[in-house]
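This report refers to the structure that appears directly beneath it.
The values are calculated or read from the model by the stated rules, or taken from the named source; none is laboratory data. Since the structure is predicted, the reported quantities are computational estimates derived from the model, not experimental observations. Positions of Cβ are generated from backbone atoms using ideal geometry, with glycine treated the same way; all protein chains shown enter the neighbour counts.
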Amino acid sequence: MNQGDYVKITLKNQLSENTSIHWHGLIVPNRMDGFPGPGGSPVIRPGESFTYEFYVHQSGTLMYHSHVNTAVQEIIGLSGMFISRGVFDESLQRDMYCFYKNGPLRWIQTAGCQQVIK
């Protein structure tokens, strides 16, 4: 993504429980924040979909994650990185990040780095 882009992301919940996506660090309207509750961001029930729409106002390496039953949903992989290039950033060929997760042995455990080629 680039700073200033309009983003439209549809989440279809294929879990057996409610979920949402919280755009950690991104400045978005309350309804798009993915934090269910007073701000109006919905809980996405099993089998339902919700489309998040917002402009990317800032640049940087940010993250997204579930904001429902986070102790389980983040560990099983409902999280990741959101990389936004700034208007004045120099052109990069690649970006790297490390995302570490840990939990009980009955859940998926991952630790690793990933290279993003732009």
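Looking at Gln115, Gln93, Gln73, which one is exposed (fewer than 10 other Cβ atoms within 10 Å of the Cβ), at pLDDT 65 or above and not acidic (Asp, Glu)? Show your work before the answer.
On the way: Gln115 fails: at pLDDT 65 or above; Gln73 fails: exposed (fewer than 10 other Cβ atoms within 10 Å of the Cβ).
Exactly one residue qualifies, and that residue is Gln93.
Can you pull out the residues in region 1-60 that are of a type in the set (Gly, Ala, Ser) and farther than 22 Å from Met81 by Cβ?
Of all residues in region 1-60, those of a type in the set (Gly, Ala, Ser) come to 4, 16, 20, 25, 34, 37, 39-41, 47, 49, 59-60.
Result: Ser16, Gly37, Gly39, Gly40, Gly47, Ser49.
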